[in-house]
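**Student:** Here it is, the structure, as structure tokens.
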Amino acid sequence: MSDNYMQIRIKADMKNESFIRSVVGAFCVGLNPTLEEINDIKTAVSEAVTNSIVHGYEGGEGDIWIDAEISGSTVRLLIADNGIGIEDIPAAMQPFYTTKADQDRSGMGFTVMQAFMDELTVTPNEPRGLKVEMKKTFRGA
């Protein structure tokens, strides 16, 4: 059973990326995070949302769903889209893997998410798109 939860559906547009970072950060404040922990989670969320916009929808129209749930001192985040998905998820999770090198994409999005979160799971969002689930336990809670 969760202590708190929220769900947001937002247009896949880069102007909404900073809003989502701020909302998720504010949602986690009750867990008494350190500045480093809050920055970690905001960075991981930013990477997931940016991936949905740039790769999932390739800059086109679509929605992104963000579910956040707090249980004890742990926050679970689910970022999902109905974009084109990823054909080879294990390959895409390798450092420097990118399908958009011509757009100066470094291929480090999933690596950054893994570095800043305690758990990261990436799965297809059937019938189309991608789901990124992340968990982080806050030590100060």
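For every residue, the table says whether it meets (1) surrounded by fewer than 15 Cβ atoms within 10 Å (Cβ to Cβ); (2) closer than 22 Å to K135 by Cα.
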site	(1), (2)
Q7	yes, yes
M14	yes, no
S18	yes, yes
S22	yes, yes
L31	no, yes
D40	no, yes
E58	yes, no
R76	no, yes
A92	no, yes
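**Student:** Has region 78-85 got at least one residue that is modelled with pLDDT of 95 or more, part of a strand (DSSP E or B) and over 17 Å from I20 (Cα atoms)?
**Tutor:** no
**Student:** Taking region 60-74 as the region of interest, how many residues are surrounded by 17 or more Cβ atoms within 10 Å (Cβ to Cβ) and touching a Leu at 6+ places or on another chain (Cβ under 6 Å)?
**Tutor:** The number of residues fulfilling the criteria is 1.
**Student:** I'd like the full set of residues that are at pLDDT 85 or above and part of a loop (DSSP other than H, G, I, E, B), limited to region 127-141. Break it down into steps so the answer makes sense when it comes.
**Tutor:** The first filter runs over region 127-141 and keeps only residues at pLDDT 85 or above, leaving 127-138.
Result: P127, R128, G129, F138.
**Student:** Here's something else I'd like to know. Can you tell me which residues in region 49-77 are more than 27 Å from T34 (Cβ to Cβ) and in a loop (DSSP other than H, G, I, E, B)?
**Tutor:** Y57, E58, G59, G60, E61, G62
**Student:** Select from region 105-126 the residues that are part of a loop (DSSP other than H, G, I, E, B) and at pLDDT 90 or above and list them in ascending order.
**Tutor:** Looking only at region 105-126, we keep the residues that are part of a loop (DSSP other than H, G, I, E, B), and these are 105-108, 117-118, 125-126.
If the condition is that a residue be part of a loop (DSSP other than H, G, I, E, B) and at pLDDT 90 or above, then M117, D118, N125 are the ones that fit.
**Student:** What is the one condition in (1) buried (at least 21 other Cβ atoms within 10 Å of the Cβ); (2) free of Cβ contacts under 8 Å to residues at least 24 places away in the same chain; (3) not acidic (D, E) that A80 does not satisfy?
**Tutor:** Going through the list (1) buried (at least 21 other Cβ atoms within 10 Å of the Cβ); (2) free of Cβ contacts under 8 Å to residues at least 24 places away in the same chain; (3) not acidic (D, E), A80 breaks only (2).
The values are calculated or read from the model by the stated rules, or taken from the named source; none is laboratory data. None of these values were measured; they are calculated from a predicted model. Here Cβ is always computed from backbone atoms with ideal geometry, including for glycine, and neighbour counts include all displayed protein chains.
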